[in-house]
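Everything on this sheet refers to the single structure shown next.
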Amino acid sequence: MDENLGTTISQVARLLRRSFDERARAMGVTRPQWQVLSALRRHEGIKQGGLAEILEVEPITAGRMIDRLQEAGLVERRPDPADRRVWRLCMTDRGRELLDQIRPLGDETSEMAFEGVSQSDRLQLYETLVKVRANLARRADAEDCAS
């Protein structure tokens with residue numbers, strides 16, 4: 001194998017992102033905005049700090065993304081009934097509709113990327129990448145604890 005496996009994985013990830021970005025841009029949304037909407041669908045009512053943690057961005061970055069999505073009418077901040085100082089993030093109906101329209105783009109991008117790759121090869125790749133991710137996550141957690 002002439003190429004470094006990590007480099008190949010990085011290149012594949014970059015090309016997948018670019019392909020998805022081009023398709024999503026045509027619908028008026030960026031990948032980071034799609035990621036926020038997807039996270040909110042899974043964690044409706046989450047606080048901004050929790051969202052930043054899930055997205056692995058700084059809270060100020062998450063705040064700016066939420067500001068833009070709120071201005072576009074896709075997300076709203078609602079006061080927490082138990083603590084009025086806390087704002088909960090919720091998708092609007094318009095945000096849900098947009099997410100439903102965007103979801104097929106991910107499937108289409110994946111199908112294009114895996115054209116000619118057998119189902120068994122896809123499964124083996126998936127299982128291997130899950131193991132690699134777990135190894136790296138364990139290492140990162142151990143380093144966080146050592147700090």
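The values are calculated or read from the model by the stated rules, or taken from the named source; none is laboratory data. Values in this document were obtained by computation on a predicted structure and should not be read as measured data. Note: ideal-geometry Cβ built from the backbone for every residue, glycine included; neighbour counts use all protein chains shown.
Would you kindly identify the helices (runs of 4 or more DSSP H) lying entirely within the range 22-92 that contain at least 2 residues that are in contact (Cβ under 8 Å) with a residue 40 or more places away in the chain and touching a strand residue (DSSP E or B) at 6+ places or on another chain (Cβ under 7 Å)? Explain how you work it out, then say what you get.
Values: elements: 31-42, 48-55, 59-71.
Qualifying helices (runs of 4 or more DSSP H): 31-42.
Restricting attention to the range 88-134, which residues are surrounded by 10 or more Cβ atoms within 10 Å (Cβ to Cβ) and farther than 27 Å from S19 by Cβ?
Scanning the range 88-134 gives R88, L89, C90, T92.
Would you mind stating whether S120 is at pLDDT below 95 and of a type in the set (S, T, Y)? Before the answer, list the steps.
Values: at pLDDT below 95: no; of a type in the set (S, T, Y): yes.
Against the criterion (at pLDDT below 95 and of a type in the set (S, T, Y)), S120 does not qualify.
This table checks each residue for (1) within 19 Å of R88 (Cβ to Cβ); (2) surrounded by fewer than 18 Cβ atoms within 10 Å (Cβ to Cβ); (3) out of contact with any helix residue (DSSP H, G or I) (no Cβ under 7 Å at 6 or more places or on another chain).
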| position | (1), (2), (3) |
| --- | --- |
| L16 | no, yes, no |
| V36 | yes, no, no |
| G49 | yes, yes, no |
| L55 | yes, yes, no |
| R64 | yes, yes, yes |
| E71 | yes, yes, yes |
